[in-house]
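Input: a single structure, listed below in structure tokens.
Since every read-out is calculated from the coordinates, none of them should be taken as a lab result. Values in this document were obtained by computation on a predicted structure and should not be read as measured data. All Cβ positions, glycine included, derive from the backbone under ideal geometry; neighbour counts span all protein chains shown.
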Amino acid sequence: MHVGVAAEKIFTVFSWPVSNTVLTAWIAIILLSVLAFMATRNMKRVPSGLQNFFEWVIESLFGIAEEFMGDRKKTIIFFPLLATLFIFIIATNWLGLLPGFGSIGWHEGEEFVPLLRSTNADMNTTLMLAVVSVVSIQIGGIMALGFFKYWNKFITFKNPMAFFIGLIELVSEAAKLISFSFRLFGAVFAGEVLLTVIASLAPYLLPLPFYGLEIFIGGIQALVFMLLTTVFIKLATTEAGH
């Protein structure tokens, strides 16, 4: 039994290495694209079936985002980003729980190389999601307040205390990268290890409750990532004292 922290390379495309976690991300993107196409190819005024399900998901996410954002206009502007983060993360989290993930592969020497692994069990993926979120927060702040007013929150020479507080705020913005990426990576990787250990001890009935737990955790982690991004955007786009 072996669960590596680093993703394993499966093949190369024009000399670019493709890992099993990247392959899973491609599969998730393709599946989501197909589902979105099927849900919208014959849209009806009174939705049913897949269109109805997707509209329910989007309306529910919008309602949650608007409640945390506290401003409908801001929610409309940033909702495409927030919904994309949630849907991609929950899709990749749940896709990694399907049979065959982590168990189908080959041996290279004594090391087992799985063909597919959960995308968010790769620190590279969660770090890039964190970069997208944090950069979007900064862009949102600049768009709402203007470049100089926004960055005046971090770099100001009004007095020594304000300068010191600004530096702390700047460090906290950088720390969001670590917080976002490690929270998601830790939860998914720990779940991957747990399921591997349980399946090796009792491969039939015992893992089932843990799969249910991981489905719940996968959804919660996607929601937490989206809501933290929402709250930080709200703070970044609000002037001090308002």
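In plain terms, the chain from Ile27 to Leu213 could stretch by 64.6 nm, reckoned as 0.36 nm per residue minus the Cα-Cα distance. Of all segments of the chain bounded by trypsin sites (Lys or Arg not before Pro) found in a DSSP loop with no more than 14 other C-beta atoms within 10 Å, the longest spans 46-157. Qualifying chymotrypsin sites (Phe, Trp or Tyr not before Pro) in region 1-66, where qualification requires a DSSP coil assignment and no more than 10 other C-beta atoms within 10 Å, comprise Phe14. Near Gly105, the amide H atoms lying under 5 Å from its own belong to Leu115; only residues 5 or more places off or on other chains count, and H is placed 1.01 Å from N. Within straight-line reach of Lys149, meaning a Cα separation under 22 Å, sit the following lysines at least 8 residues removed in sequence or on another chain: Lys73, Lys74, Lys158, Lys176, Lys234. In this simple spin-label approximation, Val231 and Phe14 carry label points 7 Å from Cα along the Cα→Cβ vector, and these lie 4.2 nm apart.
In angstrom, the C-alpha Rg and Dmax of region 134-242 are 20.2, 65.
For region 1-94, the Kirkwood radius over C-alpha pairs fed into Stokes-Einstein at 10 °C and 1.306 mPa s yields D = 100 µm² per second.
Given R0 = 45 Å, the distance between the Cβ atoms of Phe163 and Ile198 translates into a calculated FRET efficiency of 0.30. Sites count as exposed loop sites when they are GluC sites (Glu not before Pro), lie in a DSSP loop, and have at most 14 other Cβ atoms within 10 angstrom; the longest stretch of the chain without one is 111-238. Here is the list for region 162-242: chymotrypsin sites (Phe, Trp or Tyr not before Pro) lying in DSSP coil, each with at most 14 other C-beta atoms within 10 angstrom of its C-beta, are Tyr204.
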